[in-house]
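The values are calculated or read from the model by the stated rules, or taken from the named source; none is laboratory data. Just so it is clear, the model here is predicted, and its values are computed rather than measured. Every residue, glycine as well, gets a Cβ built from its backbone with ideal geometry; the counts of neighbours run over all protein chains shown.
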Amino acid sequence: MDRTPHVVIIGGGFGGLTAAKALRKAPLRLTLLDRRNHHLFQPLLYQVATAALNPSDIAVPIRHILQRQMNATVLMGEATSIDVPNRKVILSDGELSYDYLVIATGATHSYFGHDDWAPYAAGLKTIEDAIEIRRRVLIAFERAERESDPERQQEWLTFVIVGGGPTGAELAGALVEVAHHALARDFRNIDPTRARVLLLEGGPRILPPFPPELSEKAREQLQRLGVEVRGGSQVTGIDAEGVSVGPERIKTRTVLWAAGVAASPLAKSLGVPLDRAGRVAVTPELTLPGHPEIFVIGDLSTLMQDGKPLPGVAPTAMQEGRHTAENLRRAVRGEPLLPFRYHDKGNLAVIGRGAGVAAFPKSNWSGRIAWWAWLLVHIFYLIGFRNRVLVLLEWAWAYLTWQRGARLITGGPKSTSDPA
Ligand SMILES: Cc1cc2nc3c(=O)[nH]c(=O)nc-3n(C[C@H](O)[C@H](O)[C@H](O)COP(=O)(O)OP(=O)(O)OC[C@H]3O[C@@H](n4cnc5c(N)ncnc54)[C@H](O)[C@@H]3O)c2cc1C
């Protein structure tokens, strides 16, 4: 019988995949389980949602990524709970035993207790979400083109994005570009440049993880592009015909949700207290309290460092993945685990063509230079040579022509007369 310790990694996202790759030479048997067959580069999802990129440009089969890693087996399946005392992962259709477990199942969107808003306010987390947003946005222009009543036409040409974090800001900037440039000459009855894009943020300023001066620069850049940016706008209602912000009613048929996140529900089965977002408060070694054989990393976990929780971003998940690999190697050698320390290399957000903000530990950038930094970093971290080349080509083409190559309406309701 094979006595090589068996490590099960749940989740082939940034944290889980990084841990698996960092263990390629370790004397361990790895099983990477994911409910999807692909690793998804979420930071570029908004570009699929706004028709700049194709889904396959930003997603790679996990099986292919680990093709040459002989100590790793990839399984497609959904973990439904963890049987901690018996060291088993319970799947929707089976179970897996482990000696060590790495849980990296990430987060999903949360409607802050208003799940009834979900059908009207599309969130962005998966390829399917991005295709659905793309469908709703393009359908809105199609419906406006067929509408004879000017008021209703304007409702179709009004887009509201809830949440002024990086995803909301990126979506808003890209949507304006779609309306003002990519679609500008394609319609006969409407003028797409009349489209309104509103970015609503509940807090006082957009891009809260960035320093205030960069939030201000981002707001200026978005407004210059044509986005109506509103801070202090707590959304109180969303339905098929609009958004309520206190007493104000904004009539719109397209609402995009970029506001809240909640950790993957798998955490609930671990039997430990969770924070308000459903995340596991891990030990400094990134393990489940009382269980040094279970590591919880990435968006599913929370850890305080220098008095602040670590940010829920890809670099945190990747650094935690690498650190967990090192701790697993130590665990099998019988050595004590090491505490994790996050190295903040900076924070980037793109606002639109030639516009962005970048917060580095020692300096802040905005405008074209931040946009270039964003471009280079994203190409560098994108997995797969083919994807890097394709994305670069698509960006160059879009930059030169102002066009967006992936403007297909697919998925969702079949007929354009269905509600979007
Ligand atoms: C739209 C968007 C834009 C973003 N932009 C940026 C950005 O610009 N910069 C940045 O640093 N970060 C960004 N982030 C955040 C970043 O993507 C996350 O912090 C990062 O993905 C977290 O990594 P993770 O490994 O914890 O989870 P994920 O990368 O989300 O991976 C989780 C994996 O677990 C799998 N999974 C989930 N549940 C189960 C289950 N029950 N069974 C089996 N498999 C399961 C999923 O299929 C997925 O593959 C963005 C996120 C989103 C949604």
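Kindly provide the set of residues from the stretch 109-132 that are within 10 Å of the ligand (Cβ to nearest atom) and either touching a helix residue (DSSP H, G or I) at 6+ places or on another chain (Cβ under 8 Å) or at pLDDT 95 or above (or both), ordered by number. Before you say what the answer is, go through the steps one by one.
To start, the set of residues in the stretch 109-132 that are within 10 Å of the ligand (Cβ to nearest atom) comprises 109, 123-126, 129-130.
Listed by number, the residues that qualify are Gly123, Leu124, Lys125, Thr126, Asp129, Ala130.
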Legend entry - Members of the stretch 26-70 found to be in a loop (DSSP other than H, G, I, E, B), of a type outside the set (Val, Ile, Thr) and either closer than 21 Å to Val391 by Cα or free of Cβ contacts under 8 Å to residues at least 60 places away in the same chain (or both), listed by number: Arg35, Asn37, Phe41, Ala51, Ala52, Leu53, Asn54, Leu66, Gln67, Arg68, Gln69, Met70
Inset, instruction - Would you tally the residues in the stretch 214-269 being crowded, with 18+ Cβ neighbours inside 10 Å, among the hydroxyl-bearing types (Ser, Thr, Tyr) and at pLDDT 95 or above? - result: 4
Inset, instruction - Collect the residues in the stretch 238-266 that are of a type in the set (Gly, Ala, Ser) and in contact (Cβ under 8 Å) with a residue 60 or more places away in the chain, keeping them in residue-number order. - result: Ala240, Gly242, Ala258, Ala259, Gly260, Ala262, Ala263, Ser264
Inset, instruction - State all residues of the stretch 305-321 that are of a type outside the set (Asp, Glu) and within 12 Å of Glu285 (Cα to Cα); if no residue qualifies, say none. - result: Gly321
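Among the candidates Leu286, Leu300, single out the residue that is touching a residue at least 40 places away in the same chain (Cβ under 8 Å) and within 8 Å of the ligand (Cβ to nearest atom). Give the derivation first.
Values: Leu286 fails: within 8 Å of the ligand (Cβ to nearest atom).
Sole residue among the options that is touching a residue at least 40 places away in the same chain (Cβ under 8 Å) and within 8 Å of the ligand (Cβ to nearest atom): Leu300.
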Legend entry - Single match in Gly164, Gly113 (criterion: assigned to a loop (DSSP other than H, G, I, E, B), more than 24 Å from Ala79 (Cα to Cα) and touching a strand residue (DSSP E or B) at 6+ places or on another chain (Cβ under 9 Å)): Gly164
Inset, instruction - Of all residues in the stretch 24-49, count the ones that are closer than 24 Å to Leu266 by Cα and more than 10 Å from the ligand (Cβ to nearest atom). - result: 3
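Residue by residue, here is whether (1) touching a residue at least 24 places away in the same chain (Cβ under 8 Å); (2) surrounded by fewer than 22 Cβ atoms within 10 Å (Cβ to Cβ); (3) of a type outside the set (Gly, Ala, Ser); (4) out of contact with any Cys (no Cβ under 8 Å at 6 or more places or on another chain) holds:
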{"position": "Gly164", "(1), (2), (3), (4)": "yes, no, no, yes"}
{"position": "Thr167", "(1), (2), (3), (4)": "yes, no, yes, yes"}
{"position": "Val176", "(1), (2), (3), (4)": "yes, no, yes, yes"}
{"position": "Ala182", "(1), (2), (3), (4)": "yes, yes, no, yes"}
{"position": "Arg188", "(1), (2), (3), (4)": "yes, yes, yes, yes"}
{"position": "Asp191", "(1), (2), (3), (4)": "no, yes, yes, yes"}
{"position": "Arg194", "(1), (2), (3), (4)": "yes, yes, yes, yes"}
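Need a quick list: strands (runs of 3 or more DSSP E) entirely within the stretch 199-258 having at least 3 residues that are away from the ligand (no atom under 16 Å from the Cβ).
On the way: elements: 227-230, 237-239, 242-245, 248-251, 254-257.
The strands (runs of 3 or more DSSP E) meeting that bar are 227-230, 237-239, 242-245, 248-251.
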Inset, instruction - Among what's in the stretch 1-21 and is away from the ligand (no atom under 13 Å from the Cβ) and farther than 20 Å from Ile90 by Cβ, pick the residue that is surrounded by the fewest Cβ atoms within 10 Å (Cβ to Cβ). - result: Met1
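Pick from Arg322, Arg407, Arg341: which is surrounded by 15 or more Cβ atoms within 10 Å (Cβ to Cβ), over 19 Å from the mean Cα position of the chain (by Cα) and in a loop (DSSP other than H, G, I, E, B)? First the steps, then the outcome.
On the way: Arg322 fails: in a loop (DSSP other than H, G, I, E, B); Arg341 fails: surrounded by 15 or more Cβ atoms within 10 Å (Cβ to Cβ).
From the options Arg322, Arg407, Arg341, the qualifying one is Arg407.
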